Amino acid sequence: MSSILWRSGLWLTLLATWGLAVADPVYITTGQLLDVASGEVKTGQVIVVAGERIDAVGELAIPPDATLIDLSDKFVLPGVMDMHTHVARNLDRTYFSGLFQSPHRGTIGGVVNIERTLLAGFTTIRNVGAYDYQDVALRNAVNAGEIPGPRMAVSGPALGITGGHCDSNALNHAFAQRNQGVADGPWAAREMVRKNVKYGVDLIKFCATGGVFSKGTKLGQRQYTFEEMQAIVDEAHTHGRKVAAHAHGTEGIKFAIRAGVDSVEHASYLDKEAIRLARQHGTALSMDIYNTEYTLSQGVKNGVPEENLNKEREVGSVQRESFRQAVAAGVNVVFGSDAGIYPHGENGKQFARMVRFGMTPLQALQAATIKTAALLDWEDRVGRIQPGLYADIIAVDANPLDDIREMERVTFVMKGGEVYKHE
Ligand code: ARG
């Protein structure tokens, strides 16, 4: 049968219909091109893109009638990635708007937010926490080519204890307010992991400590027992899902690392032992060190309650100092911004803070490319400009290794071979 297909040429026709391997190659000429792994900046490089993927990179000859994209006056690098976003959010920035607007508005906000994120050069994100699997729907719509957005790894509802940071505690008991991911005890937590897997998540998020933007929780206080954390990690890993743990306080961070999570989010109160454990276990730390500035300058205007502003005042500088120590100790620190706290599309602002608090510009770019690709297990898809990987390519107008703030002004965005922005 297959030989008949081959002979009749039907097979080739099918390939063409599916857009596989036979799409016209696009030649991208670059001014400077960053090899993000080695830090080498090369000039005069040409990238050949065939369909969604990169076909070749080098000093290549360009055929006379080739389709060209001219980035010869730009600095070109792989699309960057943010491991901590909350894209499914009402566009209204006032603190309690989620109580008055439905999750449907949040999904519509998500459509707008993911496009802004993509246009800022973030071609891959993780979404860590959403109602009603809004993030699963957004990811599926992007993957189906229905709406523009980054590649997404999504968690659905975050798991947490009753009354904890991943619950909602604003209203009195008569409202019976409860977040969808609340699960107490190892078996309830396992069931919640299974439910999230059933409805299509890529990873599991849980809250290991209190947080800034929840009512009545303490940053330093652990939530979930060690047994519960182990159950979540075991169940998630059994299903091939990675685990991200929200943790500010030292004990919660250590419990989460020992329980085997793949990344600790925030990681604010690190001590020597926590740093040693993170290194020993290879745990990624995703530390959102930009948004403290946004909250402290815009929080009052946005109606953030005094309780939460006070927690931010407490944690901001401590977290930045922890960041400095983690970087100095060689911990695997990845780019995670908590976009959603501040407006989506401003994710790139965190790069300058990562450099101010101890990274070289190259380290900051690696934290948002090769390190995030490794955390996602997507090294065969994204994170470098290399044959076989998706053509997720961005450009800025000047070398970000000289001024990292260039990353706040991305002027060209290609994802999967498609151009979304070219200024
Ligand atoms: N979602 C986090 C929380 O509510 C945000 C923390 C923001 N502040 C910071 N300094 N990282 O706990």
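Here, each number is a calculation from the coordinates, and none is a lab measurement. Just so we're clear, the structure is a prediction, and the values are computed from it rather than from any experiment. Backbone-built Cβ (ideal geometry, glycine too); neighbour counts: all protein chains shown.
Using the Cβ-Cβ distance between residue 276 and residue 96 with R0 set to 30 Å, the FRET efficiency from 1/(1 + (r/R0)^6) comes to roughly 0.15. For the stretch 276-335, the relative contact order comes to 60 percent (Cα pairs under 8 Å, sequence separation of at least 6). Less than 5 angstrom separates the built amide H of residue 46 from those of 58, 59, 60, all sequence-distant by 5 or more or on a different chain. Sorting 349, 195 by the number of Cβ atoms found within 10 Å of their own Cβ, with the fewest placed first, yields 195, 349. DSSP beta bridges confined to the chain are antiparallel in about 45 percent of cases. Our coupling estimate for the stretch 149-163, obtained by passing each phi through the Karplus curve with A = 6.51, B = -1.76, C = 1.60 and θ = phi - 60°, is x, x, 5, 10, 10, 10, 10, x, x, 7, 7, x, 7, 4, x Hz, Gly and Pro reported as x.
Per DSSP helix of 4 or more residues, -39500 (n - 2.57); summed, then divided by the residues of the chain. What does that give at 222 nm, rounded to the nearest 500?
-10500 deg cm²/dmol
Put in order of Cβ neighbour count within 10 Å, fewest first, the listed residues 250, 117 become 250, 117. Here is the list for the stretch 393-423: trypsin sites (Lys or Arg not before Pro) lying in DSSP coil, each with at most 15 other C-beta atoms within 10 angstrom of its C-beta, are 409. As a quick test, which of the pairs 42/74; 74/421; 218/371 have an alpha carbon distance above 23 angstrom in this structure? Long pairs (Cα-Cα over 23 Å): 218/371. Here is the list for the stretch 282-385: GluC sites (Glu not before Pro) lying in DSSP coil, each with at most 15 other C-beta atoms within 10 angstrom of its C-beta, are 379.
For the peptides 259-271, 355-367, the ranking by packing is 259-271, 355-367, with the highest mean count of neighbouring Cβ atoms within 10 Å listed first. Using C-alpha pairs below 8 Å separated by at least 6 residues, the relative contact order for the stretch 202-325 is 23 percent. Dipole orientation for the chain: of the candidates 214, 284, 302, 214 has the Cα lying most toward the positive pole (charges on Cβ; Lys, Arg +1; Asp, Glu -1). Neighbour counting of Cβ atoms within 10 Å sorts the residues 283, 123, fewest neighbours leading, into 283, 123.
Charging the Cβ of each Asp and Glu at -1 and of each Lys and Arg at +1, and nothing else, the dipole of the chain about its Cα centre rounds to 860 debye. Relative contact order of the stretch 323-423: 22 percent, from C-alpha pairs under 8 Å at least 6 residues apart in sequence. Loop-located trypsin sites (Lys or Arg not before Pro) in the stretch 245-306 (DSSP state other than H, G, I, E, B) with a sparse environment of at most 14 neighbouring Cβ atoms within 10 Å: 301. Cα centroid separation, the stretch 88-134 to the stretch 341-403: 22 Å.
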